[in-house]
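The values are calculated or read from the model by the stated rules, or taken from the named source; none is laboratory data. From a predicted model like this one, the values you see are computed outputs, not experimental measurements. Virtual Cβ from ideal backbone geometry, glycine too; neighbours counted across all protein chains shown.
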Amino acid sequence: MGGLAGAWLLAEALTVWREVRASHHMPVPGALLGLTGFYAALGLIGDVSPAARPVVTLGGWALALANLLNALPQGLGGQVQQAAASQEQAQQGTGSTTTTQVA
């Protein structure tokens, strides 16, 4: 199996898993078809330009990894959002109020 095919299978599996976990039913066919079309286009680019094949494969795996981090319950995206929310609350709690003077 090629590297791009493995990335496609991982992206499809993560999409199915995320949808089944969230709503307890299979995703709509358009979601899976969209992913398949995107990875097919990446494969076509890799076939047309063999020099670009490693970059295209790496891009496909990067997108599958991004899908994985977004699919995890408290993945990297969740940690970053939680840290940003904590920092926002800390700034609001330190008395960072502004006053307006009327001339």
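Among the residues making up region 1-12, those that are loosely packed, with under 15 Cβ neighbours inside 10 Å and within 15 Å of ALA64 (Cα to Cα) are GLY2, ALA5, GLY6, LEU9.
So that you can scan it fast, the table gives a plain yes or no per residue for (1) exposed (fewer than 15 other Cβ atoms within 10 Å of the Cβ); (2) of a type in the set (Asp, Glu); (3) closer than 15 Å to LEU4 by Cα:
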| position | (1), (2), (3) |
| --- | --- |
| LEU14 | no, no, no |
| HIS24 | yes, no, no |
| VAL28 | yes, no, no |
| GLY37 | yes, no, yes |
| LEU65 | no, no, yes |
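Table: residues versus (1) modelled with pLDDT of 70 or more; (2) assigned to a loop (DSSP other than H, G, I, E, B).
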{"site": "LEU58", "(1), (2)": "yes, no"}
{"site": "TRP61", "(1), (2)": "yes, no"}
{"site": "PRO73", "(1), (2)": "no, yes"}
{"site": "GLN79", "(1), (2)": "no, no"}
{"site": "GLN82", "(1), (2)": "yes, no"}
{"site": "GLN92", "(1), (2)": "yes, no"}
{"site": "GLY95", "(1), (2)": "no, yes"}
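Would you please name the residue that is modelled with the highest pLDDT, looking only at residues in region 13-38 that are farther than 18 Å from LEU65 by Cβ and of a type in the set (Val, Ile, Thr)? Selected residue: THR36. None of LEU4, LEU10, LEU32 is touching a residue at least 12 places away in the same chain (Cβ under 8 Å), touching an Asp or Glu at 6+ places or on another chain (Cβ under 7 Å) and either of a type outside the set (Val, Ile, Thr) or part of a helix (DSSP H, G or I) (or both) except LEU32.
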